[in-house]
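What follows is a short report on a single structure.
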Amino acid sequence: MRTLSDWSLSILVGTAAIALFASVGQAAEKVERRSTSEKVSAWLADLPAAAAELEPYSPAREVIEAGELDKARAMLYFRPRAEAPLPEGFPSFTPVGVIEVKEYPAYRRAVGPSFWTLFQHIQKQQIPMTAPVEMNRAPGANGDGAMAFLYQNTGVGERGEIDGVEIEDVPATTVVSLGFRGGLNDRQVAESAQRLKDWLAGQSKYRAAKEPEMRVFGYNGPQVPERDRYGEVQILLKPAAP
């Protein structure tokens, strides 16, 4: 069974791939950030009203209710650096400190035992880099599937074992996600996962899917200052039994 330390190591090494690709063609002084949704803009305009809309166990809701409005604004205003494009059809990032349910389309991923195995694969096959990098517990052809690079869409490449990695299609998925800012560490994953589990315990519509139950998405490489890094912890969902 993987420990929380495995999550930290996986995302640190995995997001190094984003750093390598981002260093090509993007100057450090010109940083593109992902856009803020109209919903978040409305929340920022009226934080007390936003608290009533945010899901229970969302950190942003808790700091608003505690009267820490500047802290809430900093959470909601944050926009991650866009170092690589999202896979086609992927939803936008979950705002920092917010719990939300999201729908993901089917997508193709390369699952491997190490960063270098995956990096060499996408170089050899000329697969464009996307963000995020995925860390989960899905078994792969070579190891426990601790890391995956995501293809642009399911029409890129072919399924099967290639270059020592397993290329597989993931079906459309419903998740509950919590966005976080900063460097990933054991405490960050544990606290985020616990908030999602507490949220799920109060739901009648959803329950956790079978393995892989939890995954972590990392959007930035280690060259990005820790204060500007962004990621999501997610629990995969399925409908509750009637």
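Selection over the stretch 70-128 of residues that are charged (D, E, K, R) and within 16 Å of VAL165 (Cα to Cα) gives a count of 3. Checked against (1) open to solvent by less than 10 Å² (accessible area, probe 1.4 Å); (2) in contact with an Asp or Glu (Cβ under 8 Å, 6 or more places away or on another chain); (3) at pLDDT below 90; (4) more than 20 Å from GLU88 (Cβ to Cβ), ASN142 passes all but condition (1). Taken over the stretch 147-195, the residue count meeting the criterion of being under 16 Å from the mean Cα position of the chain (by Cα), surrounded by fewer than 22 Cβ atoms within 10 Å (Cβ to Cβ) and at pLDDT below 90 is 6. Please tell me if THR94 is in a loop (DSSP other than H, G, I, E, B) and either in contact with a His (Cβ under 8 Å, 6 or more places away or on another chain) or open to solvent by less than 10 Å² (accessible area, probe 1.4 Å) (or both). In short, yes. May I ask you to list the residues in the stretch 213-227 that are open to solvent by 10 Å² or more (accessible area, probe 1.4 Å) and more than 18 Å from ALA148 (Cβ to Cβ)? Result: PRO222, GLN223, PRO225, GLU226, ARG227. With respect to the conditions (1) surrounded by 12 or more Cβ atoms within 10 Å (Cβ to Cβ); (2) part of a loop (DSSP other than H, G, I, E, B); (3) at pLDDT below 95, VAL24 falls short on a single one, namely (1).
Out of all the residues in the stretch 201-208, is one or more closer than 14 Å to SER177 by Cβ, among the hydrophobic types (A, V, I, L, M, F, W, C), surrounded by fewer than 21 Cβ atoms within 10 Å (Cβ to Cβ) and modelled with pLDDT of 95 or more? Checking the stretch 201-208: not a single residue is closer than 14 Å to SER177 by Cβ, among the hydrophobic types (A, V, I, L, M, F, W, C), surrounded by fewer than 21 Cβ atoms within 10 Å (Cβ to Cβ) and modelled with pLDDT of 95 or more.
Restricting PRO56, PRO87 to residues that are in a loop (DSSP other than H, G, I, E, B), in contact (Cβ under 8 Å) with a residue 60 or more places away in the chain, under 22 Å from VAL176 (Cβ atoms) and out of contact with any helix residue (DSSP H, G or I) (no Cβ under 9 Å at 6 or more places or on another chain) narrows the list to PRO87. Evaluating THR36 against the criteria (1) among the β-branched types (Val, Ile, Thr); (2) open to solvent by 20 Å² or more (accessible area, probe 1.4 Å); (3) at pLDDT below 65 leaves one unmet condition, (3).
The values are calculated or read from the model by the stated rules, or taken from the named source; none is laboratory data. Values in this document were obtained by computation on a predicted structure and should not be read as measured data. Glycine also receives a Cβ, built like all others from the backbone with ideal geometry; neighbour counts cover every protein chain displayed. Accessible surface areas use protein heavy atoms only, side chains included; no ligands, DNA or RNA. Shrake-Rupley method; radii C 1.70, N 1.55, O 1.52, S 1.80 Å.
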